[in-house]
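Enquirer: This is the structure, below, for whatever I ask next.
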Amino acid sequence: MSETLLPTTVVGSYSVPEWLERAKTDFHEGRISRTSLNEIYETAIKAAVKDQERAGVDIVSDGELRRDNDIDYFLERMPGIELPTLAKVHYYDYYDAHVHAPLPSPEAGEGLRLVKDFQFTREQTDRPIKFSFTGPFSLAKRIRNEGYPDAEGLVLDIARHLNREARELAAAGAALLQIDEPFLAGYPEQVPLAVKAINLVVEGIDVEWALHICYGNRHARPAWEGHYDFLFPAILDAQVDQLVLEFARKGYDDVALFKKYHPDFKLGLGVIDVKSDVVETPELVASRVDRALAVLDPEQVIINPDCGLRHLPGKIALAKLRAMNAGAALVRDRIRGLALSSRSG
């Protein structure tokens, strides 16, 4: 995806401007049309991509600005998911979702229609793009299951639908796809099921795969606390290329898990605390990268915020991304300097 040493990227979401929040609410209350809202989305996405470029981010995203939250955009497009009412008090609220029968075949219907979202973003930038979607385990946690005898059947069927969507995204040129599992930290005993579903999502699709697991970021607050040891060793069976984790908020002790288990995947290292408005200094970011480099080679590390940036004010989000890239550059320059010194010596 990027030839840069210690490439920088985002987890997915970007700051939601107040005017976009108003537009989303206006749409849900019937004051503007879907066509008007789509035009507003395109303006917001162009601005989000430009901000990432200005900050120096190597691998950008669309900011997930078309999505009200991490769940509804996918469930409202998935055949067999029933949404009794589409009314919301606030755009960020979740719909109530139900299944009363097993989901239809993934090949039925038009799918989740994510390709158009990717193609629009592709038109806005020459930089590599990360395209993310919520994973089957977390999506299933927001559905009242009355159609399957157990949770596993629902989770795996959702995974099959996401696999179809990922195949279409790959065919459209997507080279880096990320699965987000924001609910997994709340159900540590179910990691084997989540891994089984993740492997169904990625099956037969030759792209770079990232898997993001955090402790929740709803309204800029964690939903759970703990350490990432709950993921191991089950996560070692996940057929992904990157594991994207949060560290800046909770500390870097869990980096030692990569030394203990020697996974095949790279580490997406969280170096920006998205739950704080305090802008990190480049030197602080560099020191956080160094914590990972005490365990991993630079080629194994990607630099990113802990989670999405949706809850931060735009100026703060931009400043944090600039600090992230400046900090990564400090470490890169030092590594290159050491390499030159070694060769000349």
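Every number in this text was worked out from the coordinates using simple rules, so none of it is lab data. Treat the numbers as computed from the prediction; the structure is a model and nothing was measured. Note that we place each Cβ from the backbone using ideal geometry, even for glycine, and neighbour counts take in every protein chain shown.
Enquirer: Would you be so kind as to identify which of TYR215, PRO128, ILE158 lies farthest towards the positive end of the dipole of the chain, taking Lys and Arg as +1 and Asp and Glu as -1 on Cβ and the Cα centre as origin?
Expert: Going by the charge dipole, the pick is PRO128.
Enquirer: Using only Cα atoms, find the angle between the long axis of helix 34-55 and the longest principal axis of the chain, and express it within 0 to 90 degrees, rounded to the nearest 10.
Expert: Roughly 10 degrees between the two axes.
Enquirer: What residue among LEU176, LEU236, LEU245 has the largest mean-square fluctuation in a Gaussian network model of the chain, using Cα springs under 10 Å?
Expert: Its mean-square fluctuation being the largest, the pick is LEU236.
Enquirer: Tell me which label goes with the value of P(r) over Cα pairs in 10 Å bins from 0, in percent computed from the coordinates here: (i) 5, 26, 35, 24, 8, 1, 0, 0; (ii) 5, 18, 21, 18, 17, 12, 6, 2, 0, 0; (iii) 5, 17, 19, 18, 17, 16, 8, 1.
Expert: (i)
Enquirer: Indicate the gyration tensor shape class of segment 143-235 (rounded, prolate or oblate), computed on the Cα atoms with a ≥ b ≥ c the square roots of the eigenvalues: a/c under 1.5 is rounded; otherwise a/b larger than b/c is prolate and the rest oblate. Provide the component values of the computation, followed by the final result.
Expert: On the way: a/c = 1.74, a/b = 1.28, b/c = 1.36.
It is oblate, given that a/c is not under 1.5 and a/b is not larger than b/c.
Enquirer: Just the number, please: percent antiparallel of the DSSP beta bridges in the chain, rounded to the nearest 5.
Expert: Numbers: 2 of 31 bridges.
Rounded to the nearest five, the antiparallel share is 5 percent.
Enquirer: With charges set only on the Cβ (+1 for Lys and Arg, -1 for Asp and Glu), what does the dipole of segment 18-344 come to about its Cα centre, in debye to the nearest 20? Write down the numbers at each step before the final one.
Expert: On the way: 41 positive and 52 negative charges, 178 e Å.
Using Cβ point charges on Lys, Arg, Asp and Glu, segment 18-344 gives about 860 debye.
Enquirer: Starting from the Cα of LYS46, draw a straight line to each of the aspartates and glutamates and keep only those under 17 Å, dropping any in the same chain fewer than 8 residues away.
Expert: Partners found: GLU18, GLU21, ASP58, ASP62, GLU64, ASP117, GLU123, ASP126.
Enquirer: Ok, one more. Give the distance, in whole Å, between the Cα centre of segment 34-51 and the Cα centre of segment 72-140.
Expert: Rounded to whole Å, the Cα centres lie 18 Å apart.
Enquirer: If I model a spin label at GLU225 and ALA256 as a point 7 Å from the Cα along the Cα→Cβ vector, what separation in nanometres do I get?
Expert: 1.9 nm
Enquirer: Let me ask another. Which lysines does LYS275 reach when only Cα atoms under 19 Å apart count, and residues fewer than 8 places away in its own chain are ignored?
Expert: Answer for LYS275, where 19 Å is the Cα cut-off: LYS250, LYS315, LYS320, listed by chain and number.
Enquirer: Order these peptides, 167-173, 262-268, by their mean beta-carbon neighbour count within 10 angstrom, highest first. Provide the component values of the computation, followed by the final result.
Expert: Details: 167-173: 15.6, 262-268: 17.6.
The packing order, highest mean first, is 262-268, 167-173.
Enquirer: Helix-only mean residue ellipticity at 222 nm, the chain, DSSP H runs n ≥ 4 weighted -39,500 (n - 2.57), per residue, nearest 500. What is it? Don't skip to the end; give the middle numbers.
Expert: Working: 10 runs with 134 residues, N = 345.
Calculated mean residue ellipticity at 222 nm is -12500 deg cm²/dmol.
Enquirer: Sticking with this structure for a sec: Which order do peptides 56-62, 33-39 fall in by mean Cβ count within 10 Å, highest first?
Expert: Details: 56-62: 23.0, 33-39: 11.7.
The packing order, highest mean first, is 56-62, 33-39.
Enquirer: Please say if segment 5-74 is rounded, prolate or oblate, where rounded means a/c under 1.5 for a ≥ b ≥ c the square roots of the C-alpha gyration tensor eigenvalues, and otherwise the choice is prolate for a/b larger than b/c and oblate otherwise? Don't skip to the answer; put the middle values down first.
Expert: Details: a/c = 3.04, a/b = 2.10, b/c = 1.45.
Prolate, since a/c reaches 1.5 and a/b exceeds b/c.
Enquirer: Something else now. Would you please give the FRET efficiency between ASN199 and ARG31, computed as 1/(1 + (r/R0)^6) with r the Cβ-Cβ distance and R0 = 35 Å, to the nearest 0.05? Write out the running numbers ahead of the final one.
Expert: Numbers: r = 44 Å, r/R0 = 1.25.
Rounded to the nearest 0.05, the efficiency is 0.20.
Enquirer: Based on the Cβ-Cβ distance from ASP96 to THR125, what FRET efficiency comes out when R0 is 25 Å, to the nearest 0.05? It would help to have the intermediate numbers written out before the result.
Expert: On the way: r = 37 Å, r/R0 = 1.46.
So the FRET efficiency works out to roughly 0.10.
Enquirer: Which whole-number percentage describes the relative contact order of segment 18-344, with Cα contacts under 8 Å and a sequence gap of 6 or more? If you can, show how the numbers build up before the last one.
Expert: On the way: 522 pairs, mean separation 42.3, N = 327.
Computed value for segment 18-344: 13 percent relative contact order.
Enquirer: Then there is this: Rounded to the nearest 10 degrees, what's the angle between the helix 314-344 long axis and the longest principal axis of the chain, both from Cα atoms, 0 to 90?
Expert: Its long axis makes an angle of about 40 degrees.
Enquirer: Compute the helix-to-body angle for 18-28: its Cα long axis versus the longest principal axis of the chain, expressed 0 to 90° and rounded to tens.
Expert: Value to nearest ten degrees: 20.
Enquirer: For a protection proxy built on the mean count of beta-carbon atoms within 10 angstrom, sort 180-192, 77-89 highest first, please.
Expert: Numbers: 180-192: 19.1, 77-89: 13.8.
The most tightly packed comes first, giving 180-192, 77-89.
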